[in-house]
Amino acid sequence: MSGGAIEAALAVEREVAAPAPRRAGIRLGSAQALDRLAPLFGLAGLLALWFAGGLVLESVPAYAAFAGFAPGPALASFWDLIASGEAWRAAAPSLARIGQGLAVAFLLGAPLGLLVGSAPLAERILQPPFQLLRMISPLAWMPVAVLAFPSWDGAIVFLIAAAAIWPILFATAAGVKRVDPVWLAMARNLGAGRLAALRAVIVPAVLQDILTGLRLALGVAWIVLVPAEYLGVTSGLGYAINDARDTLSYDRLAALVLLIGLLGYALDSGLGRLAARARWIPAT
């Protein structure tokens with residue numbers, strides 16, 4: 001092979017080999033961008049389904065009365081809710097009830113979960129009744145709640161707590177069972193008693209599990225909230241939904257449904273970030 005041919009071949013090899021790292025970097029950047037945009041693709045797909053459903057409602061005469069569910073009227077009504085402040089006036093009582101119900105569920109469920117997870121005898125005694133109560137729909141307690149509490153708000157908070165306690169309890173118990181026995185042995189060797197080990201080892205170790213249970217409890221409580229607010233209260237998201245249905249304001253009803261979804265998503269995301277940061281590794 002002549003010298004000119006060899007140089008030409010080497011030049012081609014250099015041209016092919018040189019961009020390889022650059023191409024790898026481009027592929028990596030594309031993968032990262034796709035990962036960041038993936039949630040937007042999912043939301044865009046949901047919005048496309050909504051638009052398709054709206055077209056069906058508008059094109060079929062039998063469904064014409066429900067055209068307010070279409071994205072155009074619903075989004076316009078949603079903007080009106082935000083601009084007028086009605087969204088906050090409807091959401092504030094519901095958020096207060098959710099907060100109170102979750103607080104009650106946490107104050108009862110977390111200690112019971114610590115007990116069930118750390119004491120095998122207590123687990124054998126309490127597991128059957130807890131599982132039985134867990135399988136009862138929280139809304140089935142509605143007549144009992146109405147009779148037991150002097151106010152509608154108290155009844156709603158009770159129903160939310162009855163729904164939220166079980167995810168917190170069982171997630172906490174499962175977390176306690178996964179605590180490394182070596183950590184507890186080290187605490188005992190250092191002279192820690194039961195309460196000291198609970199405070200210094202067990203609670204920090206299961207904090208992520210507790211927050212995960214609280215996140216699951218929020219999802220269940222958020223679902224129970226709207227039908228619970230169909231009771232005699234005159235405020236809250238459930239009341240607003242019921243009022244929009246009774247007045248056939250389907251665009252407002254769809255806007256309220258969208259508001260409920262956005263608020264629930266924001267609350268869930270916040271608890272998810274807290275749970276992700278709560279991973280505990282003992283100091284050595």
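Multiplying each eigenvalue of the alpha-carbon gyration tensor of the stretch 47-87 by 5 and taking the square root yields semi-axes of 23, 11, 5 Å, largest first, rounded to whole angstroms.
When the stretch 103-211 is described by a simple charge dipole with +1 on each Lys and Arg Cβ and -1 on each Asp and Glu Cβ, the residue from 201, 111, 154 located farthest towards its positive end is 201. Across all Cα pairs in the stretch 51-182, the calculated P(r) in 5 Å bins from zero up to the longest distance comes to 2, 10, 12, 12, 11, 10, 11, 11, 8, 6, 4, 2, 1, 0 percent per bin. For residue 43 and residue 146, what does the FRET efficiency come to when R0 = 41 Å and r is the distance between their Cβ atoms, rounded to the nearest 0.05? The pair residue 43/residue 146 has a calculated efficiency of 0.55.
Taken per residue, the accessible surface of the stretch 151-271 reaches 46 Å², heavy atoms only and a 1.4 Å probe. Label zone (residue 279, point 7 Å along Cα-to-C-beta; backbone nitrogen cut-off 18 Å) within the stretch 192-223: 204-213. Take the alpha carbon gyration tensor of the stretch 125-284, find the square roots of its eigenvalues, order them as a ≥ b ≥ c, and report rounded if a/c is under 1.5; if not, report prolate when a/b exceeds b/c, else oblate. Prolate shape, in that a/c is at least 1.5 and a/b is the bigger ratio. Inter-part distance, the stretch 199-218 to the stretch 133-158, computed on C-alpha centroids, equals 26 Å. Classify the stretch 225-279 as rounded, prolate or oblate, taking a ≥ b ≥ c as the square roots of the eigenvalues of its Cα gyration tensor: rounded when a/c is under 1.5, otherwise prolate if a/b is larger than b/c and oblate if not. Taking the square roots of the gyration eigenvalues as a ≥ b ≥ c, the stretch 225-279 is oblate. Judged by the mean number of other Cβ atoms found within 10 Å, the most tightly packed of the peptides 90-96, 221-227, 175-181, 253-259 leads the ranking 253-259, 221-227, 90-96, 175-181.
The values are calculated or read from the model by the stated rules, or taken from the named source; none is laboratory data. Remember, predicted model here, so these are calculated numbers, not experimental data. Positions of Cβ are generated from backbone atoms using ideal geometry, with glycine treated the same way; all protein chains shown enter the neighbour counts. Each accessible area value is taken on the protein alone, full model and side chains, heavy atoms only, with ligands, DNA and RNA left out. Shrake-Rupley method; radii C 1.70, N 1.55, O 1.52, S 1.80 Å.
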